[in-house]
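Just below is one structure, and these are the notes that go with it.
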Amino acid sequence: QVQLVESGGGLVQAGGSLRLSCVASGRALNSYSMGWFRQAPGKERESVASISWTLGLAYYSDSVKGRFTISTDYGKNTVYLQMDGLKPEDTAVYYCAATGRLLPPQGPDGFDYWGQGTQVTVSS
């Protein structure tokens, strides 16, 4: 079992930055893939960024490419999402997810473990 706890959400003005953290416990994640997802009210959960912990390959949705960066810290068993140039449309609950697959799936269905989510609100 893997437990995931997100933190770092909050209220920020458009153009600002936030860094989300996801600390994993229960198992070392060096053979896992990790993902960040978000869900706005009335919308489906969508992939934001994902990374293969072993291969170090990162993937981003078109809507955040060039603004968000996903990274990992093996020693801290933590995955980060650095969000720069935030826009009001980035407002959502952000979730961290993990899967035992070497490469991250494109959608949420392939992820086995989820955090509780952290709210990100971007004001205009």
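Taking the alpha-carbon distance from Lys65 and a cut-off under 16 Å, which lysines remain once sequence neighbours fewer than 8 residues away in the same chain are dropped?
Lys87
May I ask for the Rg/Rh ratio of the range 1-71, computed from Cα atoms with Rh as the Kirkwood radius, given to two decimals?
Using only Cα positions, Rg/Rh for the range 1-71 is 0.97.
Enter the accessible area per residue of the chain (Å², integer; probe 1.4 Å; all protein chains in place).
Value for the chain: 50 Å² per residue.
Percent of accessible area on the chain owned by carbon and sulfur, 1.4 Å probe?
About 49 percent, which is the carbon plus sulfur part of the accessible surface.
Mind listing the long-range amide H neighbours of Phe68? Cut-off is under 5 Å, sequence gap 5 or more, other chains count too, H placed in the peptide plane at 1.01 Å from N.
Those lying under 5 Å, H to H, from Phe68 are Asp84.
To check my understanding: the extent here is largest minus smallest coordinate of the Cα atoms along each principal axis. What are those three numbers for the range 65-124, in Å, largest first?
38, 26, 21
What order do you get for 73-85, 8-20 when each peptide is scored by the mean count of other beta carbon atoms within 10 Å, highest first?
Result, highest mean Cβ count within 10 Å first: 73-85, 8-20.
Taking amide H atoms as placed 1.01 Å from N in the peptide plane, list the residues 5 or more away in sequence, or in a different chain, whose amide H sits under 5 Å from that of Tyr113.
Here the answer is Ala98, since their amide H atoms fall under 5 Å of that of Tyr113.
What translational diffusion coefficient, to the nearest whole µm²/s, does the chain have by Stokes-Einstein, given a Kirkwood radius computed over alpha-carbon pairs, a temperature of 20 °C and 1.002 mPa s viscosity?
Translational diffusion coefficient: 151 µm²/s.
Which of the GluC sites (Glu not before Pro) across the range 1-108 are loop residues per DSSP, with 14 or fewer other Cβ within 10 Å?
Answer in residue order: Glu44.
Explain nothing, just compute: Karplus ³J(HN,Hα) = 6.51 cos²θ - 1.76 cosθ + 1.60, θ = phi - 60°, for every residue of the range 80-89 in order, whole Hz, x for Gly and Pro.
Coupling constants for the range 80-89: 10, 10, 7, 10, 10, x, 5, 10, x, 6 Hz.
Using only alpha carbon pairs under 8 Å that are at least six residues apart, calculate the relative contact order of the range 51-90 and give it in whole percent.
It rounds to 30 percent for the range 51-90.
Using modelled backbone amide H atoms (1.01 Å from N, in-plane), which distant-in-sequence or interchain residues come within less than 5 Å of Gly10's amide H?
Val120, Thr121
The values are calculated or read from the model by the stated rules, or taken from the named source; none is laboratory data. If you're wondering where the values come from, they're calculated on a predicted model, not measured in any experiment. Using ideal geometry, Cβ is built from the backbone for each residue, glycine included, and neighbour counts are taken over all protein chains shown. Just so you know, the surface numbers come from the protein's heavy atoms only, side chains and all, with ligands and any DNA or RNA stripped out. Shrake-Rupley method; radii C 1.70, N 1.55, O 1.52, S 1.80 Å.
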